[in-house]
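The values are calculated or read from the model by the stated rules, or taken from the named source; none is laboratory data. What you see is a predicted model; the values in this text were computed from it and never measured. Cβ: placed from backbone, ideal geometry, glycine included. Neighbour counts: every protein chain shown. Just so you know, the surface numbers come from the protein's heavy atoms only, side chains and all, with ligands and any DNA or RNA stripped out. Shrake-Rupley method; radii C 1.70, N 1.55, O 1.52, S 1.80 Å.
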Amino acid sequence: MAASAWYKEMAVYQIWPRSFADGDGDGIGDLRGVLEKLDYIRDLGVNAIWFSPLYPSPNADYGYDIADYKDISPDYGTLAQFREVLEGAHTRGLKVFMDLVINHTSDQHTWFRASKESGDSPYHDYYFWRKGRGKKPPNNWLSVFEGGAWDYDEGLGEYYLHVFAKGQPDLNMANPKVREEVKDIMRFWLDMGVDGFREDVITYISKREGLPNGFPLPIGTGLEHYTNQPSVKDYLREFRDDVLSRYDCFTVGEAPMMTPKTAKQFITEGADQLLNLMFHFQHMEADCILTDWIPTPFRLRKLKKAFSSWQQGLRGVAWNALYLENHDHPRIISRYGSEKYRVESGKMLAAMYLLQCGTPFIYQGQEIGMTNIRLDGVSQCKDVVTFNNEKLFRKFGIKGERFLRLVNRRSRENARTPMQWSAGANGGFTAGTPWFPVNPNYTEINAAAAEADPDSLLHWYRALLKFRRESPLALYGDYREHNKASRQLYVYSRGREGQRLLVICSFTEQPVRFAAPLGFDLLHATQLFGNYAAPETQSNQFVTRPYECRVYGWL
Ligand code: NOJ
């Protein structure tokens, strides 16, 4: 059985600061806004906040291009205000995690600016500067965000590598000086009292020596040479030994293309554990291929398989990170649920993942059931990925209205609309002009309305989180999937020391006949949660209502 630990029992709330709460009326979320909402976050029943980047940034990728790792963006406030937020969070029993983005910096970072002054600059080798092959870039790698992965600097006559946007040059982690800088940044925040880090695309931080050409593909060329290279582990070991192991802190790494097997190389508990948790993407691919932008019909069996393989794969050796939303994906109700049955499906999705074994993450607005926005045109968009895809999809004839439909369904823009606090102007997000449109459904979907309605999704999240926090069964119990072949129902049980939970989730508005698995007698169970009024007489069989969810307990 897994050893207990504080990071296993916590739940984490993610703040994407630009769209969370604007305290000074300039239309951009900020730390003053966060300070005002700390009670709201505490009352949700989470134990920690993860801040997407708060650092100074020219916003080529909204904060994931960092110009100074030891300061706060003037958009958000000051270091002094950050300290206030940190103290306010700690006073309320909330830990604080920073986003550590070390695969790349901003092209406005002083290191990068110095690196391109000359080949002799001590910073030159902080990045990947290379001569071209004649008129061609040094290799054929493609950027995840913007065309080729190399950009040419006239002054220097060399190319620099950017696996993400042009404004995000990759750091050369093989350079020991760069690793010292990373450790210094970690110490800076940990010494201030921060409790840990979410480590951005952590499996990309090492590139294959010689930077060889990749296998040519329409997207992702070069991936095999910059994903999960053996030295990633050496670097993480060094960060752990020299810094992290000296603090009582937490780390979760973000890792595209991770499987339970590869994740275990990083998060297996014991002497060689490199990170506490790993964010993977497999359960976010139940309605797409490789990226959100290549949609397929939703396939529940794919979703169940992803969840179950992680639940079972890590059992007893490592711990799961559970999430359904973050700043990189469309809203989950609009995706795996139903906007028509917004509250019902939102509740079902919440129970489906919060009652699994692992540490849950909740993205701002998820707890009130925010949905995708319908933007009027690409001119309203803000995200570099949208702009890149506009060019890319045009090549395949997808443009105009068709592309806009894809944006409204699949883009990260959907996660980045301002938080809907009230039915007041701009959803109560700002007294000024919001930097990005507020979803017009704020008049109906907002935190104040959810607070006032005892049947709201917000109260449901609170109740589930409270139950999880207080239940060793929900925290540490084992996991078993039932009705595996079903394309409509996701059914699983948790068990521990003779106690059991049965979680039944319907992913359709159609009625589905459910019969309790052998050995689970609903007549002798307590219904702990249900997103519809509980039936008067229990039976071992029932027909589900749209997106129905029931949780039975034998406690
Ligand atoms: C993952 C982050 O979550 C995403 O928002 C960002 O664009 C990329 N990494 C690059 O930093």
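A few notes on this one:
- Portion, in percent, of the accessible area of the chain that falls on carbon or sulfur, probe 1.4 Å: 51
- Entries in Lys37/Lys347; Lys183/Lys347; Lys70/Lys466 that, when Cα-Cα distance is taken, lie over 31 Å: Lys183/Lys347; Lys70/Lys466
- For the chain, the longest principal axis of the C-alpha atoms and the axis of helix 300-314 are separated by about 80°.
- Loop-located trypsin sites (Lys or Arg not before Pro) in the range 392-491, at most 15 other Cβ atoms within 10 Å (DSSP): Lys395, Lys399, Lys484, Arg487
- Computed from Cα atoms, the angle from the helix 176-192 axis to the main principal axis of the chain rounds to 50 degrees.
- 3J(HN,Hα) along the range 153-164: 10, 3, x, 8, x, 9, 9, 10, 8, 9, 5, 9 Hz, from the Karplus curve 6.51 cos²θ - 1.76 cosθ + 1.60 with θ = phi - 60°, whole Hz, x for Gly and Pro.
- 18 Å Cα-Cα reach of Lys399 towards aspartates and glutamates, excluding residues that sit fewer than 8 places from it in its own chain: Glu146, Asp292, Asp376, Asp383, Glu390, Glu413
- Loop-located GluC sites (Glu not before Pro) in the range 468-508 (DSSP state not H, G, I, E or B) with no more than 15 neighbouring Cβ atoms inside 10 Å: Glu497.
- Using θ = phi - 60° in the Karplus curve 6.51 cos²θ - 1.76 cosθ + 1.60, the 3J(HN,Hα) couplings for the range 193-201 round to x, 5, 9, x, 9, 9, 9, 4, 4 Hz; x is entered for Gly and Pro.
- Unit charges on C-beta of K, R, D, E only; dipole of the range 476-554, Debye: 180
- Inter-part distance where the range 418-485 and the range 182-258 are each reduced to a Cα centre, Å: 31
- Helix 79-91 axis versus longest C-alpha principal axis of the chain: approximately 20°, rounded to the nearest ten.
- Summarising the amide proton neighbourhood of Gly148: residues at separation of 5 or more, or on other chains, whose placed amide H is nearer than 5 Å comprise Ser143.
- Kirkwood-type hydrodynamic radius, the chain: 24.4 Å, calculated from all non-identical alpha-carbon pairs.
- For Leu171, the residues whose modelled amide H falls within less than 5 Å of its own, excluding neighbours fewer than 5 places apart on the same chain, are His104, Thr105.
- Relative contact order %, the chain, counting alpha carbon pairs below 8 Å whose residues are six or more apart: 13
- Cα centre as origin, Lys/Arg/Asp/Glu Cβ charges: the range 110-161 dipole, Debye: 260
- Contour excess over end-to-end distance, with Cα ends at Met192 and Ala452 and 0.36 nm allotted per residue: 89.8 nm
- Our summary gives the range 110-161 a relative contact order of 32 percent, counting only alpha carbon pairs under 8 angstrom and 6 or more residues apart.
- The separation of the range 343-360 from the range 27-53, counted between C-alpha centres, amounts to 21 Å.
- Residues of the chain: accessible area per residue with a 1.4 Å probe, Å²: 38
- Legend: calculated FRET efficiency, Ile289 to Thr78, from the Cβ-Cβ distance at R0 = 41 Å, rounded to 0.05, equals 0.40.
- Relative contact order computed over the range 74-223 (Cα-Cα under 8 Å; 6+ residues apart), in percent: 28
- Equivalent ellipsoid semi-axes - Cα gyration tensor, the range 476-554, angstrom: 19, 15, 11
- P(r) of the range 1-136 over all Cα-Cα pairs, binned every 10 Å from zero, in whole percent: 11, 34, 26, 16, 10, 3, 0
- Remark: the range 170-175, residue by residue, has Karplus-estimated 3J(HN,Hα) of 6, 7, 8, 5, 5, 7 Hz, where x stands for each Gly or Pro and the curve is 6.51 cos²θ - 1.76 cosθ + 1.60 at θ = phi - 60°.
- Loop-located GluC sites (Glu not before Pro) in the range 138-186 (DSSP state other than H, G, I, E, B) with a sparse environment of at most 12 neighbouring Cβ atoms within 10 Å: Glu154.
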